[in-house]
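The values are calculated or read from the model by the stated rules, or taken from the named source; none is laboratory data. Bear in mind that the values here come from a model prediction, so they are computed numbers and not experimental data. Cβ sites come from the backbone with ideal geometry, for glycine too, and all protein chains shown count toward neighbours. The area values use the complete protein model at the heavy-atom level, side chains included, leaving out ligands, DNA and RNA. Shrake-Rupley method; radii C 1.70, N 1.55, O 1.52, S 1.80 Å.
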Amino acid sequence: MAKSLFEELGGKFERQGDYLIPDLEMDGQPEGELRKFGLLRKKFLMENREGEFSVLLLSNELTGHLLTVQEQAEERMERIAAQMAAGMGVDEALKARDQMLWVRKMNSIRHSAEETVLAEMIYI
């Protein structure tokens, strides 16, 4: 029986019942879990940058790209939130004095920081 091109190039098949299934392995992917920013970036690429998404996927770089963007976005958000909190005087003294006011201000700060990160890093 003649070998297929797949077999000639070193590929192997695995028999499952009556079928021969190619025994494929993915190249090493970076380890990590995609969270909010990584998933939002992936969705944005799929819906708005189909070419870029396809290139990253086919070159086996998509997961690495998403994890890198996610890490950078999380770090940027924390820096922005810390700077805004310091500028607005939202500190431990305010938290001890009026906890609900502190929570409201911190929620507002985190929301503003997140909007900035989304505009600067995710939806570009």
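Might you check whether a residue that is part of a helix (DSSP H, G or I), open to solvent by 90 Å² or more (accessible area, probe 1.4 Å), within 30 Å of Gln29 (Cα to Cα) and at pLDDT 95 or above occurs anywhere in segment 82-103?
No, because not a single residue in segment 82-103 is part of a helix (DSSP H, G or I), open to solvent by 90 Å² or more (accessible area, probe 1.4 Å), within 30 Å of Gln29 (Cα to Cα) and at pLDDT 95 or above.
Out of everything in segment 6-54 that is more than 21 Å from Ala73 (Cβ to Cβ) and touching an Asp or Glu at 6+ places or on another chain (Cβ under 9 Å), what residue ends up being most open to solvent (accessible area, probe 1.4 Å)?
So the residue we want is Lys12.
Being within 24 Å of Ala113 (Cβ to Cβ), assigned to a loop (DSSP other than H, G, I, E, B) and modelled with pLDDT under 95 is true for just one of Gly32, Gly28, Gly11. Which residue is that?
Step by step, each of Gly32, Gly28, Gly11 is checked, and only Gly32 is within 24 Å of Ala113 (Cβ to Cβ), assigned to a loop (DSSP other than H, G, I, E, B) and modelled with pLDDT under 95.
Show the residue pairs that are 6+ apart or on different chains and have beta-carbon atoms under 6 Å apart, the first residue being within segment 65-76 and assigned to a helix (DSSP H, G or I), the second being open to solvent by less than 70 Å² (accessible area, probe 1.4 Å) and of a type in the set (Val, Ile, Thr).
Here the result reads Ala73/Val117; Arg76/Val117, each pair linking segment 65-76 to a residue that is open to solvent by less than 70 Å² (accessible area, probe 1.4 Å) and of a type in the set (Val, Ile, Thr).
With hydroxyl-bearing (Ser, Thr, Tyr), within 30 Å of Leu9 (Cα to Cα) and either surrounded by 13 or more Cβ atoms within 10 Å (Cβ to Cβ) or modelled with pLDDT of 95 or more (or both) as the only criterion, which of Thr68, Thr63 stands out?
Thr63
Out of (1) more than 30 Å from Glu31 (Cα to Cα); (2) assigned to a helix (DSSP H, G or I); (3) touching a Lys or Arg at 6+ places or on another chain (Cβ under 9 Å), the odd one out for Val117 is which?
(1)
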